[in-house]
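Novice: One structure coming up, written as structure tokens, with questions to follow.
The values are calculated or read from the model by the stated rules, or taken from the named source; none is laboratory data. Note that the structure is predicted; figures quoted are calculated from it, not measured. When we count neighbours, we look across all protein chains shown, and the Cβ atoms used for this are built from the backbone with ideal geometry, even at glycine.
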Amino acid sequence: MSEDNDKLHRRERLVWLGVTAALVITLLVVIVPAAAFGQSSSSEQDRLLDMFEQVFRFVQNNYVDEVEAQKLIEGALEGMFDSLDDPHSAYLSMEEMRDLSDTTQGEFGGVGMYISKQSVPEDSREPAYVEVISPIESTPADRAGLRSGDLIIAIEGETTEDLSIDEVVAQLRGSPGSKVEITIRRGESRSFDVSLTRENIEVPTVRHAMIPENIGYIRIIQFTPYTDDRVTESVKEFENEGYESLIIDLRRNPGGLLPAVVDTADLFFSDGLVVGTRGRSPGENQRFTADNGVDVPREMPVVVLIDEGSASASEILAGALKDRDRAYLIGETTYGKGSVQQVRRITTGGFRLTMSRYYTPSGDYIEKKGIEPDLVVKDPELSDEDLDSLARLQEQGLVEEFVSEYPSPTASQISSFIERLREQDITLSERRIRKLVRDEVHQVNDVTQVYDLEFDIVLQRAVDMLREGEIPVQ
């Protein structure tokens, strides 16, 4: 089979590997007739199904108010998926299925973050809230300073403890220009409210640029059917400009499509395992291998940037490059999302079901474990005082007011602004305040920055190591 046919075959098996998300892309949506699910010959299962039918008919015929059969069935389906205790598996109503289809068009009204229902131990008394996997850059959630690991404990004053992930998605979406207030818990006890104004959220995929001294930089924002093509185009452009090393930035990448990440890995390997999947169904036990030929030369030094917002498909690429000694990883341990979901359509809507778990070339399963970097580099943690200061800046709109007055502020004007903030007991470091101002200036002037060598200390470390020849050719 030719390389093109191999890619086509993989894309026909579109499996969503990303986290259950506020901005979720699901492209495996198929019509499944009832017979396709099979009939069990087990007498015990037959007895239980008979019992269900008896209860269903009794409730339908005897409940004090008339109730539609579809409502009862949908409630039973929701309960069945809830019983799996898997935040990534759920029954989806027709409306929720339409929302998924809307998302695949690449634009919708929302706040711009990937989320997942928090997993808690069965014997824990702690409630299960909604966890932020990562905000999408240049969106309301990103500009508000939300980050991986934050818990959304309430929306418009209503606790998220008893809400499904799809119910939370529905509340966060809405018409561009409308507002939604969420309550965030960060750390053990720090909670604060954030007001977000919804926007048209465009689902991005790849950005690239050359960093001085012949370093190619590719930021993969998520894995879509077009990701490997965009990465290939970037590499070809770097070749024409004489690049000598490469940085792949997977930070805050929540995942995407399995075929897309396998095809992207093909650029670095000429053969061998990229990722494998194992499930209870024999059809889910698969090995995904690289094709012949590489686009990035073996002798090219490659650095991969990862953080706790790197999940699923991005962990597949990072794990493959690390396990096969093809790249040096810098940053933080990744999220640890190692399960594979498929979405199926049925007459009443559809469902999302975990079908398998994936493993890296070394045989590691990363669910709730993640991929560890070769070198740990991360921003210093904010203190409670810093978090208070950040919340005050956001609530009072102090940075927005300053940039509104000075759309292109000088260094001295920013210094004066910082002095005024100090008088108001704002404890954030000068570096963080300057970054907030810079980001707001870019937002006002509609500037998209591909990379940030001024404030991004992880990228700075990677660039310094490449320039000094400290990255070993793997």
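Novice: Can you spot a residue in the range 341-363 that is touching a Gly at 6+ places or on another chain (Cβ under 6 Å), in contact (Cβ under 8 Å) with a residue 12 or more places away in the chain, surrounded by fewer than 18 Cβ atoms within 10 Å (Cβ to Cβ) and more than 30 Å from Q70 (Cβ to Cβ)?
Specialist: Within the range 341-363, one or more residues are touching a Gly at 6+ places or on another chain (Cβ under 6 Å), in contact (Cβ under 8 Å) with a residue 12 or more places away in the chain, surrounded by fewer than 18 Cβ atoms within 10 Å (Cβ to Cβ) and more than 30 Å from Q70 (Cβ to Cβ).
Novice: Restricting to the range 286-306, what's the tally of residues that are surrounded by fewer than 24 Cβ atoms within 10 Å (Cβ to Cβ) and either among the hydroxyl-bearing types (S, T, Y) or farther than 21 Å from D271 by Cα (or both)? Spell out the reasoning first.
Specialist: Step one: list which residues in the range 286-306 are surrounded by fewer than 24 Cβ atoms within 10 Å (Cβ to Cβ), which gives 286-302.
Right, trim to either among the hydroxyl-bearing types (S, T, Y) or farther than 21 Å from D271 by Cα (or both) and you get 289.
The total comes to 1.
Novice: Additional query: For the structure I just gave you, tell me whether L84 is of a type outside the set (G, A, S), out of contact with any helix residue (DSSP H, G or I) (no Cβ under 6 Å at 6 or more places or on another chain), modelled with pLDDT under 50 and not in a helix (DSSP H, G or I).
Specialist: No: the conditions fail for L84.
Novice: Filter the range 144-177 down to the residues that are in a helix (DSSP H, G or I) and at pLDDT 85 or above, then identify the one that is farthest from D82 (Cα to Cα).
Specialist: For the range 144-177, the residue satisfying everything is L172.
Novice: In addition: Of all residues being of a type in the set (D, E) and under 22 Å from D142 (Cα atoms) in the range 404-446, which is modelled with the highest pLDDT? Just the residue, please.
Specialist: Start the filter on the range 404-446 by keeping residues that are of a type in the set (D, E), which leaves 405, 419, 423, 425, 430, 439-440, 446.
Add one more test, that the residue is under 22 Å from D142 (Cα atoms), and what stays is 430, 439-440, 446.
On the way: E430: 95, D439: 89, E440: 89, D446: 76.
In this case the residue turns out to be E430.
Novice: Tally the residues that are assigned to a loop (DSSP other than H, G, I, E, B) and at pLDDT 90 or above, restricting the search to the range 90-128. Before you say what the answer is, go through the steps one by one.
Specialist: Taking the range 90-128 as the starting set, the residues that turn out to be assigned to a loop (DSSP other than H, G, I, E, B) are 105-106, 111-112, 118-128.
Remaining after also requiring at pLDDT 90 or above: 111.
Final tally of qualifying residues: 1.
Novice: Residue under question is T183, and the condition is that it be over 20 Å from L257 (Cα atoms) and either free of Cβ contacts under 8 Å to residues at least 24 places away in the same chain or hydroxyl-bearing (S, T, Y) (or both); does it hold?
Specialist: Yes: the conditions hold for T183.
Novice: If you take the residues of the range 133-164 that are surrounded by fewer than 22 Cβ atoms within 10 Å (Cβ to Cβ) and among the aliphatic types (A, V, I, L, M), which of them is nearest to D388 (Cα to Cα)?
Specialist: Residue satisfying both the conditions and the ranking: A144.
Novice: Pick from E401, E367: which is farther than 26 Å from A260 by Cβ, without any contact (Cβ under 8 Å) to a residue 40 or more places away in the chain and of a type outside the set (V, I, T)?
Specialist: E401
Novice: Would you mind telling me which numbered condition in (1) at pLDDT 90 or above; (2) hydrophobic (A, V, I, L, M, F, W, C); (3) within 18 Å of the chain's Cα centre (by Cα) V180 fails?
Specialist: For V180, the exception is condition (3).
Novice: How many residues, within the range 364-393, are surrounded by 20 or more Cβ atoms within 10 Å (Cβ to Cβ), assigned to a loop (DSSP other than H, G, I, E, B) and aliphatic (A, V, I, L, M)?
Specialist: Total satisfying the criteria: 3.
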